Structure formats: structure tokens, C-alpha cells
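Notes follow the structure.
Please treat every number below as a calculation from the coordinates, not as lab data. Everything quoted here is computed from the prediction, not taken from an experiment. Cβ: placed from backbone, ideal geometry, glycine included. Neighbour counts: every protein chain shown.
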Amino acid sequence: MGGGRLIFMEQENIYKQFAKDIESVVRADLGQTLETYGYDLDMVFTASKWKPLVLIIGNYSSGKSTFINELVGAEIQRTGQAPTDDSFTIITSTEGSEVESETKGSAIINDPSLPFESLRKFGEKFISHFQLKRIQNDKIRELAVIDSPGMLDSVTEKDRGYDYLGAIGEIASMSDLIILMFDPHKAGTIKEAYEVIRSTLPVTVGEERIVYVLNRIDECDNLADLVKSYGTLTWNLSQMTGRKDIPRIFLTFSPERARQNETLGIWAKERDELKAAIFSAPRMRLNHILQHVDRELRAFGLLLEAMAVFKQNFWQKMLYLGKITFLASVIAFFFADLLLKLITGYPDMPFVISLLTGELNPGAILTSAAFAILPIGLASVYVHRLFWPKYVKLMLCNLESLVTLDTAYKKDLWKKVKAKVEALITSQAGRQIWLSHTKNQKKNETLIRKKMSVFYDRIKSI
Ligand SMILES: Nc1nc2c(ncn2[C@@H]2O[C@H](COP(=O)(O)OP(=O)(O)OP(=O)(O)O)[C@@H](O)[C@H]2O)c(=O)[nH]1
Ligand SMILES: [Mg+2]
């Protein structure tokens, strides 16, 4: 046990060190800049805050809880044929001298050492369906497994009382591995499962983090029955994900609950492979952290792009207005008093005349200067009172015009930062036209291009 524990500790150190290194590079190169734009660095590193997470989702009664119990080797979760779990339960081991405990949702969300603060937005009803169980168990020392309420067919957000799909999406985005479990009775035909695969997961999770499982295959009456279920599931998945390739689907069954079935032999080892995949979650975390930081930086890059265009458009218009004002000032300087003389007969000697006759006097220069200032004053009032508020409003109504969303990836990133761009323009537009966004863009790009690639190389060598 000592040796195994030592390897655990070493691994733990590698992962923690990796996360720390990325954090310190980003903080050193971009910390201040991120803060200038109200970017909370803690949010960027939420993914690396706690243990690797494995989220288990799927149809009701597909065997999620049974599988978790088997994984940890203890009856932690209730199981049953009808929909059983109505809560999200995080299961992990106790640390050091901690005793076994169950923590309520409100305490989890308010605990700054845990990464679940962002789930607060799903409201009280969700929080009351959220819990953390710490058990004495070495197997899950390095990770936390999350059991979830089974997906149902005819349930709505109103029935659940909270945005179930939204919560799944949010938890999935933090998770390093997502096990999506089906069973032969409902191989991908459940409405909520459809929604999750079709709309929720693609937004928050990279494909490589999702593991598909067809569980309870012992309940297929014969091989033909199993092939039919498998075919149905792959067909449904291809419809839902839009993927052209067929992802690997683990065909599993619970050795304890399985009915006698002679065709099962060949698949018996898939259960162990699935468990091995779960225990590799800490490794997945490295990728996850890096991808997460990379994505956040690229999203930040998009925010900078938007702010740079916001600033550039403004100064372009100012340049145009400046040229007109300058022209008006020059005309006013030379001819305004001449016009005044034609209308009112005053002053006696307009500036241009005195210039031509060589009788230039300081009084005439001063009057002309005063006339020259007039367009500047008017322009400045126009900019402050009319142009600026209108410009800000126009930009807020056309936020998309600030960025080029030429790829699906950029469109996804835009969903992440649009609200931030809006908030920046709403609350500190005046500041944004003075900040050096292009310089910050370059800094950000250099960090992504040069320094992040070093970390990608480092993952390969771990
Ligand atoms: N035959 C067979 N039965 C299984 C298998 N896995 C689980 N079961 C049984 O299926 C039923 C449902 O299992 P659970 O583990 O409670 O399923 P769940 O996915 O957690 O269900 P919800 O919490 O309701 O979403 C239980 O009665 C289990 O004993 C399996 O591989 N084969
Ligand atoms: Mg369950």
C-alpha cells in the first residue's frame, strides 16, 4: 500500500505543479492586463482548484449509481428500478484526519476551497438537490465522482424546479470526464438525453472528454438483441452529435446484478476498461486545465478585439470630425470677422484685410483666434452631449459588429465574452477609448502562441 500511495502522491504533485505553473505564467504575463478588463483570474483557474471530476449522467435506471458503488467498492448510493436519484451527489474520499461526512448544497457552494460557486445561479431548488459525500476510500482519493438524477422523458424544467440541463452543462464544463450512460431499453431515445447531447454538451465540453456507455447489456436476450440496441444507440448518437465517426461505446454490465447470459463473456473486460478510463481522469485534467486556460485566453483575445474596434471606430470618427473642425476653425480664423463686418459693420479692419494691407494688429489676431476657437467649442459640446452617448448606444446595440465571428469556435467564445464586452462598454466606455488594446492583444497572443505550446509539449512527456 505504501508504494501505491507514494505513486498517488507523486502523481498528485505532478498535476498540482502543472496547474500551478500555468497559473504563475499567466499571472506573470497577463495578470494585470486581465484585471484591467475586470477579468477574475480565479475564475480562469477554477478548473484547477480541486480534484479531477468525473460526472456520470444518463437515462434513469441505466445503472449509474450501481456503477459508482462498484467503483468505490461500497454501497454509497441508493439504487432501484424506478427513477431513484433526484440529486447531484459528489462522492470523494476524506482528507487526512477528516471523518466521513455529508455536506449540503448551500455549504458546498459557499466553500471557497471547492469549485462549485458558479452553480449558485441555478437557485435554491437546485442547491437543495446538491450534496457532497466524503467517505473513507482510497480508490477515489485522487478524484471525485458525481452521481446525477437520471434523465427522463416527459419532464420539464418546471417539474424539476430548476434548469436541469443548464446545471448538467455547467458541471460538465468543470468535469474532466463525462460518462454518458444508456441502457438497452432506452438506447438514446430519452428526451432529456437528446437535449444534453444535442445542445448542452457541445457548448461546454470537448468531444474527447465524453465517454459513451451502453450498460445493462446482460438484459439483451441474445446477441441479435444486443446488436439491435447497439445499432439504435449509434444511430441516435450520430443524429444527436452530428459526428460522422462512431465514437467508442463501452458495452458493460454490472457483474453483481447481471442476469445469467452466455453471450456476455467477450464484453466482461469492458467494465474494467471503463473503470481504468475513470481512474485516468487526473491525466485528463491536465488537458482540461490547459484547454480551459487556452480557451479563456482566446475568449479574452476576442474581448480585446472588440474593445480595440470600439476604440478604433471612435477615433476614426473623431479624426473625421477633427478634420472638419480644423477646417471650420481655419475658415473662422480668416473669415469670420469679415462676415461679421459685412453683416454688422464691425470690426473696422477684419483680419484678412489687415493681413493684406500689412496693418496687422494684436486686436484683430485675438478676435480671429476667438472665432477659431468657436468651432472647437461647438464640436466638443457636440461630442460630449450628442455624439458620444449615441456612439456608445449604437455599439451596445450592435456588439457583433465589433468582432469577426468567422468560425464556429469564435462564435462559441463570443457567447462567453459578449456579456463582459457589454458590461465594459456600459460601465467604462470612456476608459476603453484610452486603453492600449492592441498592445494587450499582442501580449495575449504571444502568451497563447509561445508559452501555452510549452505546456502542451510538457503534457506529452508526463
Ligand atoms: N441486469 C442488470 N441490472 C442492473 C445493472 N446495473 C444496474 N442494474 C439494476 O438497475 C436498476 C437501476 O440501477 P441504478 O444504479 O439505480 O440506476 P441509476 O442510473 O442510478 O438510476 P437513477 O438514479 O434513477 O437515475 C437497479 O435495480 C440495479 O440493480 C446491470 O448491469 N444489469
Ligand atoms: Mg442513481
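Per-residue counts of other Cβ atoms within 10 Å, averaged by peptide: what ranking do you get for 233-240, 419-426, 210-217, highest first?
210-217, 233-240, 419-426
Distance from the Cα centre of segment 264-279 to that of segment 359-416, in angstrom?
Cα centroid of segment 264-279 versus Cα centroid of segment 359-416: 65 Å apart.
Around GLU219, what is the net charge, scoring Lys/Arg as +1 and Asp/Glu as -1 over all other residues with Cβ under 10 Å from its Cβ?
Here the count lands on -1.
P(r) for segment 91-153, please, calculated from all Cα pair distances in 5 Å bins and given in %.
4, 16, 24, 25, 17, 10, 3, 1, 0
Give me the percent relative contact order of segment 88-215, please, defined on Cα pairs under 8 angstrom at least 6 residues apart.
27 percent
On a full-extension model of 0.36 nm per residue, what is the gain between LEU223 and LYS411, subtracting their alpha-carbon distance, rounded to one decimal in nm?
Length difference between fully extended and current span is 63.3 nm.
Could you list, bin by bin from short to long, the percent of Cα-Cα pairs of the chain in 10 Å steps?
Bin by bin from 0 Å, the calculated values are 4, 16, 22, 19, 13, 8, 5, 5, 4, 3, 1, 0.
5 Å is the cut-off here: which amide hydrogens, built 1.01 Å from N in the peptide plane, fall below it relative to MET151, excluding neighbours closer than 5 in sequence?
Amide H to amide H, under 5 Å and 5 or more residues apart or across chains, MET151 pairs with GLY58, ASN59, TYR60.
So which aspartates and glutamates can LYS186 reach, going by Cα to Cα under 14 Å and dropping same-chain residues fewer than 8 places off?
ASP153, GLU219, ASP225
If packing is taken as the average number of other Cβ atoms within 10 Å across a peptide's residues, how do 355-363, 441-449, 167-175 rank, most packed first?
Top of the packing list down: 167-175, 441-449, 355-363.
If packing is taken as the mean number of other Cβ atoms within 10 Å per residue, what is the order of 97-109, 218-230, highest first?
My ranking of the peptides, most packed first, is 218-230, 97-109.
Suppose we look only past 21 Å in the calculated P(r) of segment 300-461. What percent of the Cα-Cα pairs does that tail hold?
The share of Cα pairs beyond 21 Å in segment 300-461 comes to 63 percent.
When you take every Cα atom in segment 52-279, what is the radius of gyration, and what is Dmax, the widest Cα pair distance, in Å?
My reading of the Cα-based Rg and Dmax gives 17.1, 52 Å.
List the aspartates and glutamates whose alpha-carbon lies under 15 Å from that of LYS416, not counting same-chain residues fewer than 8 positions away?
ASP40, GLU170, ASP294, GLU296, GLU305, GLU400
Pull up the DSSP beta bridges for the chain and report the antiparallel fraction as a percent, rounded to 5.
Once the DSSP bridges in the chain are tallied, antiparallel ones form about 25 percent.
So how tilted is helix 223-241 from the main axis of the chain? Cα-based, degrees 0 to 90, rounded to 10.
Approximately 10 degrees, to the nearest 10.
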